[in-house]
Amino acid sequence: MDSSVTMEKIVSLAKRRGFVFQSSEIYGGQSGAWDYGPMGVELKNRIQRFWWKEMTQLHDDIVGLDAAILMHPRVWEASGHVENFTDPLVDCKKCKQRFRADQIDQEKLAKKICPECGGELTDTRKFNLMFKTNIGPVDDGSGLLYLRPETAQGIYVNYKNIIQSNRMKIPFGIAQVGKAFRNEIVTKNFIFRTCEFEQMEMQYFVKPGEDEKFFTYWREQRWAYYQKLGVRMDKLRWHQHGPDELAHYAKDAYDIEYEFPMGFKELEGVHNRTNFDLTRHQQFSGKDLQYIDQENGNERYLPFIIETSAGLTRQLLMVLCDSYEDQKVADKGTDDDWRTVLHFHPTLAPITVAVLPLMKKDGLAELAQDIRQELKEEFATDYDQGGAIGRRYRRQDEVGTPFCVTVDYQTKEDGTVTVRFRDSMEQIRVPRAELETTLKQAIKDFKRA
Ligand code: GAP
């Protein structure tokens, strides 16, 4: 067996074990959209909670927001998205394929040669990535709305509400998780680039002149986050945007890139957005968006904004790739020599503890159910009594369950159970009464294998 991590293996496991399904699969699938199954939704929720705790609970000066997806259309004029949120697009007149002009061989582009079939390419034209929709019963353009392409704008238009309702003082941040939509021309690599996705964004408002200090601070914070998440840090690197890569709102920007099976790709961005957004919203709305610094003689200014912008669904793909391993565990020359294991951090694992009776008979199943019932309040549990115990361990390894608790005849005699650790496959015997504390300690002590 080949032990390399490929996108094909990730996609196959994701479907087989209920992490991610193709959207509308029975109709042939909808490109750019994916559905998260029982394991996927748990993993996604846990990544979101991990991020939310990191950004809000562990930072006293950051509060949360959940703004609507549908916003006033002027928001997107002010933000610059109507004018600037475009990709350069070319079509092949022969094979009808569509390409992003900045992502194909530039020599071929200059000669208008299709990189796939050698046919003739059209001129490059700008293509706006925002999805349009219509509010109200008449579709005559008067009810034009956009599906938000980033969650950030919901924060900017609410920043004064939040200062007033929560007595926030600069510097402070606002965090938000939610859906974003982009009419991406090329959606490939599974859930890496999709038309519907989720973002986890935090906007940090600072005094002009202090932006560079906080830009450095947030780069350090975001790097430390991935360390905590248990990611292999040698798979991460920084990439600073060159002048031609900078978004229309950014003065400086760094991406954290992860080495996916298809190479190093953007995972999250840290941006110095200056006071671009608030200046524009002040201009377009006619409302005074200046901050009044009461501690400094009512000094007024438009704050600068440092943004940390992570894709939740992209982070889920990263976590899957980072934790995936085809591991050789025996040498008998059969398929059983190998196991597929997801080395999730226990706080991210969809199932934390699986309770397995060695046999269904002799009261072991009832005893195991009873133990599961006890653990349910504290942990996400699963119960599995079907098939040989080795096969059941393998099934749990494949969805990244860090602990299996096995109930056997000895449990009936002396009240002890076996705890089996996913990564080391080590097994220890623990009295039932100490099970909860043992598991909690193991979660605290977890280190990536
Ligand atoms: N508010 C700033 C902003 O949206 P971005 O670099 O366009 O910046 C931030 O997007 C993050 O959102 C990216 O680093 C990526 O993780 C995620 N993202 C962007 N477009 C995506 C797409 N089409 N599919 C999945 N994730 C996407």
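The values are calculated or read from the model by the stated rules, or taken from the named source; none is laboratory data. What you see is a predicted model; the values in this text were computed from it and never measured. Cβ placement follows ideal geometry from the backbone for every residue including glycine, while neighbour counts extend to all protein chains displayed. Side chains are part of the model used for accessible areas, which takes the heavy atoms of the whole protein and leaves out ligands, DNA and RNA. Shrake-Rupley method; radii C 1.70, N 1.55, O 1.52, S 1.80 Å.
Couple of notes before you dig in:
- Each part reduced to its alpha carbon centroid, region 118-147 and region 149-192 end up 22 Å apart.
- Under 20 Å from the Cα of K15 - lysines, other chains or at least 8 residues apart: K44, K188
- On the beta carbon distance between I104 and N84, with R0 = 25 Å, the FRET formula returns roughly 0.70.
- Rounded Å value of the spacing that divides the Cα centres of region 19-59 and region 316-393: 21 Å
- Using the Cβ-Cβ distance between T334 and D423 with R0 set to 30 Å, the FRET efficiency works out to roughly 0.85.
- Between E220 and K444, the modelled label-to-label distance comes to 2.7 nm, taking each label 7 Å out from Cα in the direction of the beta carbon.
- Applying 0.36 nm per residue to the separation of S31 and A433 and subtracting their alpha-carbon distance, the gain on full extension is 139.7 nm.
- Rounded percent of accessible protein surface that carbon and sulfur make up, region 211-315, 1.4 Å probe: 44 percent
- Helix axis angle, 435-444 relative to the chain longest principal axis, alpha carbon, degrees: 40 degrees
- Close amide-amide hydrogen proximity is noted between D252 and N272, each under 5 Å apart and 5 or more residues distant or on a separate chain (H modeled in the peptide plane; Pro and chain starts excluded).
- Counted residue by residue at 0.36 nm each, then reduced by the alpha carbon distance between them, the extension gain from H72 to M262 reaches 64.6 nm.
- Mean separation of Cα contacts under 8 Å, 6 or more apart, over the residue count of the chain: relative contact order %: 13 percent
- In order along region 405-412, the phi-based Karplus estimate (6.51 cos²θ - 1.76 cosθ + 1.60, θ = phi - 60°) of 3J(HN,Hα) comes to 10, 9, 10, 9, 5, 5, 4, 5 Hz; Gly and Pro are listed as x.
- For region 1-111, averaging the sequence separation of C-alpha pairs within contact (under 8 Å, six or more residues apart) and dividing by the residue count gives a relative contact order of 11 percent.
- Leading residue at positive end of dipole, the chain (Cβ point charges), from Q227, S142, P38: S142
- Rounded percent of accessible protein surface that carbon and sulfur make up, region 104-198, 1.4 Å probe: 47 percent
- Exposed loop positions in the chain were taken to be GluC sites (Glu not before Pro) whose DSSP state is not H, G, I, E or B and which have at most 15 other beta-carbon atoms within 10 angstrom. Between these positions, the longest stretch is 246-376.
- Separation of the alpha carbons by more than 28 angstrom is noted, of K126/K251; K9/K53; K132/K287; K9/K235, for K9/K53.
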